[in-house]
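The values are calculated or read from the model by the stated rules, or taken from the named source; none is laboratory data. All values reported here derive from a predicted model rather than from experimental measurement. Glycine also receives a Cβ, built like all others from the backbone with ideal geometry; neighbour counts cover every protein chain displayed. SASA here: full protein model, heavy atoms, side chains in, ligands and nucleic acids out. Shrake-Rupley method; radii C 1.70, N 1.55, O 1.52, S 1.80 Å.
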Amino acid sequence: MTPKPPGPPDGGWGWVVAAAAFAVNGLSYGLLRSLGLALPDLAEHFDRSTQDTAWVSALALAVQQAASPVGSALSTRWGARPVVMVGGVLTSLGFVFSAFARSLLHLYLGLGVLAGSGWALVFAPALGTLSRYFSRRRVLAVGLALTGNGASSLLLAPTLQLLLDTFGWRGALLLLGAITLHLAPCGALLRPLVLPGDAPAPPRGPLAALGLDLFARRAFLVFALGTALVGGGYFVPYVHLAPHALDRGLGGYGAALVVAVAAVGDAGARLISGWLADQGWVPLSRLLAVFGALTGLGLLAVGLVPLVGSREGCGGPLLAAAGAYGLSAGSYAPLVFGVLPGLVGVGGVVQATGLVMMLMSLGGLLGPPLSGFLRDETGDFTASFLTCGSFILSGSFIYMGLPGALPSCRPASQPATPPPERGELLPAPQVALLSPGGPQPTLDTAC
């Protein structure tokens, strides 16, 4: 029998890891998106403004994304399993501590710093471990895990509202602490996997542990710059799509329908995009640039939608634009993480995932405040969505500098199965071919 070549198993226990990453995504980003339902109760209890209480969720998101490289570094040193389990415990303790808060400062420390730090330890190691378990179906597995965000939002939002109505915000936060403790068993499912190309010893020094040496690679540097620009506009609809719908003349239920249409399109497109990318018909870097550009165009369309005639109107143009944006943004999301093994190799994918989260946090912290500033200056969100859409288009244009993003004059020969330690997008050696006219070998190169 022919021995199975070493590399990612591309299935098997990898689907268990995918289910664990699905739950991790749902209990991190899904819960973060639903946490805004508790902010009005917090503002009323502490007699503070909406802006003051909004910093609770904003700080949690900022800490979660900015500290993701730390989670990746710890995972590289001690493995993803203990790091994710510790992160789950920290997140749970953050919610429990916040349930006994006496001031907003306690909430900033509990939910913002402690729970945010716990989330930083769970997402990047889980998603990086998932990428190591798959090769040919990697993007599909990542897309499946990322749908945990939307699925959890649909489930946790009404659940959280029920808890608030029944037990108040203190009881709701206490019960959320019990729910987020399930991140610990999710981490226990992340079985370590040794692959060819893994470093024989953990990296030494803080720069190497954080993966900052990856910026010395031209392809990753191009990807990092494009991703930071895309992040400047990608998160704006999370915050301002519903207010924009209200400004366009829709009522409360109409605005909620716009958000729901975008969310459903986003969740469905993640699976379709993952399946399409794994077919190998189009290079991942080219798909990344195309769907990134479509996301930017979708935001431009959302910003240019005209006013609705009455508050009872259905807002058909805005629904169509929001649906197009959701489909494009959902298609883009799994490609961002699915392309990483091809850029840095499987051995560096965990560190690269943490760096991507940090880069998107830089843009994410800029985009919503800039959008709000433009809304205050102009009176509506048109300039906000046009500017943020331009950010995404600029980042997608930079993606065109990635290997394989632009079509070549003729296809270059690639090995049937690229070595997992190299990655699909890393430069492959030129293949010697025999010319038809004689035995002299010729090099098969791309233009």
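Would you mind working out the accessible area per residue for the range 211-406, using a 1.4 Å probe, and quoting it in Å²?
Working: 7210 Å² over 196 residues.
Result: 37 Å² of accessible area for each residue.
Can you list residues whose amide H is under 5 Å from Met400's amide H, if they're 5+ apart or on another chain and H is modeled 1.01 Å from N?
none
Just the number please: accessible area per residue for the range 9-194, 1.4 Å probe, all protein chains included, in Å². Don't jump to the answer; show the numbers that get you there.
Numbers: 7280 Å² over 186 residues.
So the range 9-194 comes to 39 Å² accessible per residue, rounded to a whole number.
Whole-Hz ³J(HN,Hα) for each residue in the range 282-287, computed from phi via Karplus 6.51 cos²θ - 1.76 cosθ + 1.60 with θ = phi - 60°, x for glycine and proline: what do you get?
With the stated coefficients, the range 282-287 comes to 10, x, 4, 5, 6, 4 Hz.
Each residue of the range 53-59 in order: what ³J(HN,Hα) in whole Hz does its phi give by Karplus 6.51 cos²θ - 1.76 cosθ + 1.60, θ = phi - 60°, with x for Gly and Pro?
Rounded to whole hertz, the list is 6, 5, 5, 4, 6, 5, 5.
Could you look at the range 180-307 and say what percent of its accessible area is carbon and sulfur, using a 1.4 Å probe and all protein chains?
Details: 4340 of 5810 Å².
That fraction is 75 percent.
Between rounded, prolate and oblate, where does the range 1-90 land on the alpha carbon gyration tensor, with a ≥ b ≥ c its root eigenvalues, rounded for a/c under 1.5, else prolate if a/b exceeds b/c? Kindly include the intermediate steps, with their values, before the conclusion.
Details: a/c = 4.04, a/b = 2.59, b/c = 1.56.
Because a/c hits 1.5 or more and a/b exceeds b/c, the range 1-90 counts as prolate.
Name the long-range amide H neighbours of Gly211: under 5 Å, sequence gap of 5 or more, or other chain; modelled H, no Pro or chain starts.
Amide H neighbours of Gly211: none.
Can you pull the one-decimal nm distance between simple spin-label points at Ala260 and Ala208, each 7 Å off the Cα toward Cβ?
5.4 nm
Classify the range 81-228 as rounded, prolate or oblate from the Cα gyration tensor: take a ≥ b ≥ c as the square roots of its eigenvalues, call it rounded if a/c is under 1.5, otherwise prolate when a/b beats b/c and oblate if not. Each step should come with its number before you reach the end.
Values: a/c = 2.12, a/b = 1.78, b/c = 1.19.
Prolate.
In nm, what is the difference between 0.36 nm times the number of residues separating Ala188 and Leu155 and their Cα-Cα distance? All intermediate terms of the calculation are to be shown ahead of the outcome.
Working: separation 33, 0.36 × 33 = 11.88 nm, distance 2.38 nm.
Taking Ala188 through Leu155 to full extension adds about 9.5 nm, to one decimal.
Could you give each residue of the range 326-339 its phi-based ³J(HN,Hα) in whole Hz, using Karplus coefficients 6.51, -1.76, 1.60 with θ = phi - 60°, and x for Gly or Pro?
Per-residue couplings from phi come out as x, 5, 5, 5, x, 5, 6, 4, x, 5, 4, 8, x, 7 Hz.
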